[in-house]
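Here is the structure we will look at.
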Amino acid sequence: MAETEQNALREAQDRSYMRLAVKLAEHGRGRTNPNPVVGAVIVKDDRILGVGYHARYGDLHAERAALGNCTDPTEGATLYVTLEPCCHHGNQPPCTDAILQAGIRRVVIGSDDPNPLVAGQGVRILRDNGVRVETGFMREECDALNPVFFHYIRTGRPYVILKYAMTLDGKIATRTGASRWITGEAARKRVHEDRNRYAAVLVGAGTVAADDPLLTCRLENGRNPVRIVCDSALRTVPESQLVRTARETRTIFAAARPDPERRAALESLGCEVWELADDGGRVDLCALMDRIGAEKLDSVIAEGGASLNWSLLRAGLVQRVQAYIAPKLFGGAAAKSPVAGEGVETPDGAFSLRDVTLTPLDGDFLLEGVIAEG
């Protein structure tokens, strides 16, 4: 076989194994926060010896999980891993140590790790010990696994997804305020999948007053997100579903200058109250994101109303937008749209999206994309 054909075959095999590693990584989705999802595959003589993934925060990392699943010797094998192996002690010991002890001779890496505790040092340690390391292999596919982790580790703030459901004429409710249900069951199921995937959900006090939501994940064996209410004056009543279930699902109220009696009442029922006032007497959203990040909550779905949506956009706190669109028309000059506030002055001042996708959902559509910088 000619050398070019051998190289093409080798690359095709490498891609096959890395695609498997990417697929494995997804099994940890919603359980590893604030750690990344990572998959690993160990191969020798074109035979898979073991596979693994980071299944849960605090559990074995993907590399050690894969090594633990090997029944044959791994000396001289190749490791395919979606993220640079760690080289520091955290909840688990360094994966670089395990790789070297296992006699792995080649490591193929998808994404670089921006964590300052790693950031190229894992690669350097392996290379210094004679391991052949290839980086950036299928980088785009591997990077797509962890936008949340990359944002969180670089900024210390959660990755914020602005989510709403609207009609084709851009309404989130009728002129009477009725909003259940704009979209169908398939779209609502996707929302619950995301609540299982991301760490927290954020709404405003107006949404709580109008809809009395639970904001839980309704999937079987799903994980409830931490529930956060932006409520400057603490006007949420103790009878609301969020307050009544606060001992079952962590519930946080972000307030500006809360009334001591209202604060004590909510706290007595199991809620947390964070006091985060800005100069205008409202919740400081930037301080809120800092506090959320400090709590190791790496991601937030913003499911609030139009005013909160605008405030988050204006503050530059949104990374991704999800618009569930139903093919129906409500009309009504007074019917609410997804984003209120003062809005932008001219079309060229709009918040634009990149990497936009459109997903059909049994008659509805999910349009989503990343907020374009600059």
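The values are calculated or read from the model by the stated rules, or taken from the named source; none is laboratory data. This one's a predicted model, so the numbers in the text were calculated from it and none came from an experiment. Cβ: placed from backbone, ideal geometry, glycine included. Neighbour counts: every protein chain shown. When the accessible area is computed, the model is the full protein with side chains, heavy atoms only, and any ligands, DNA or RNA have been set aside. Shrake-Rupley method; radii C 1.70, N 1.55, O 1.52, S 1.80 Å.
For the range 340-351, take each phi angle, set θ = phi - 60°, evaluate the Karplus expression 6.51 cos²θ - 1.76 cosθ + 1.60, and give the result in whole Hz per residue in order, putting x for glycine and proline.
The phi angles translate into 9, x, 7, x, 7, 7, 9, x, 6, x, 5, 7 Hz.
Identify which of the listed values of volume of the Cα convex hull per residue in Å³ was calculated from the structure shown: (i) 159; (ii) 151; (iii) 174.
(iii)
Rg/Rh for the range 126-267: what does it come to with C-alpha atoms and Rh from Kirkwood?
Rg divided by Rh gives 1.10.
Based on Cβ point charges of +1 for Lys and Arg and -1 for Asp and Glu, what charge dipole magnitude is obtained for the chain about its Cα centre, in debye rounded to the nearest 20?
About 740 debye.
What whole-number value in Å² describes the accessible area per residue of the chain for a 1.4 Å probe?
48
Using all C-alpha to C-alpha distances in the range 166-241, build P(r) with 10 Å bins and read off the rounded percent in each one.
For the range 166-241, the pair-distance distribution reads 17, 41, 37, 5.
Quick one: helix 285-294 against the long Cα principal axis of the chain, what's the angle to the nearest 10°, folded into 0 to 90?
40
Sorted by mean Cβ packing within 10 Å, highest first, what order do the peptides 34-45, 156-167 take?
On the way: 34-45: 24.2, 156-167: 22.6.
Ranked by mean Cβ neighbours within 10 Å, highest first: 34-45, 156-167.
Taking square-rooted eigenvalues a ≥ b ≥ c of the alpha carbon gyration tensor, is the range 18-133 rounded, prolate or oblate, where a/c under 1.5 means rounded and, failing that, a/b exceeding b/c means prolate?
It is oblate, given that a/c is not under 1.5 and a/b is not larger than b/c.
Got a number for carbon plus sulfur as a percent of the chain's accessible area, 1.4 Å probe?
For the chain, the apolar C and S fraction of the accessible surface comes to 48 percent.
Bins of 5 Å, beginning at zero and ending with the bin holding the largest distance: percent of Cα pairs per bin for the range 282-338, please.
4, 13, 24, 22, 15, 10, 6, 5, 1
What area, in nm² and to one decimal, does the C-alpha convex hull of the range 193-352 cast on average over all directions?
With every direction weighted equally, the projected area is 11.1 nm².
Within straight cross-link reach of K44, meaning Cα distance under 18 Å, which aspartates and glutamates are found once same-chain residues fewer than 8 apart are removed?
Hits, sequence-local ones excluded: E11, D14, E63, D72, E75, E134.
Would you tally the net charge around V203, using a Cβ to Cβ cut-off of less than 14 Å, leaving V203 out, and scoring K and R as +1, D and E as -1?
0
Can you list residues from other chains, or at least 5 along the same chain, whose modelled amide H is less than 5 Å from the amide H of V133?
V107
Running Debye on the range 326-368 with equal point scatterers at the Cα sites and no solvent, what base-10 log of I(q)/I(0) appears at q = 0.22, 0.27, 0.28 Å⁻¹?
-1.05, -1.03, -1.03
Using Cα-only point scatterers and the Debye equation, what is log10 of I(q)/I(0) for the range 95-159 at each q in 0.14, 0.15, 0.29 Å⁻¹, rounded to two decimals?
The calculated log intensity ratios at q = 0.14, 0.15, 0.29 Å⁻¹ are -0.46, -0.53, -1.21.
For q = 0.17, 0.28 Å⁻¹, what log10 I(q)/I(0) does the range 161-207 give under the Debye formula with an equal point scatterer on each alpha carbon and no solvent?
-0.61, -1.22
If we restrict to alpha carbons, what Rg and Dmax does the range 298-374 come to, in Å?
Taking only Cα atoms of the range 298-374, I get Rg and Dmax of 13.5, 38 Å.
Could you work out, for the range 126-203, what percent of all Cα-Cα pairs fall into each 10 Å distance bin, beginning at 0 Å and stopping at the bin that holds the largest distance?
13, 28, 27, 18, 8, 5, 2
How much mean residue ellipticity at 222 nm does the chain get from its helices, if each DSSP H run of length 4 or more adds -39500 (n - 2.57) and you divide by all residues, to the nearest 500 deg cm²/dmol?
Numbers: 12 runs with 111 residues, N = 374.
The per-residue figure over the chain is -8500 deg cm²/dmol.
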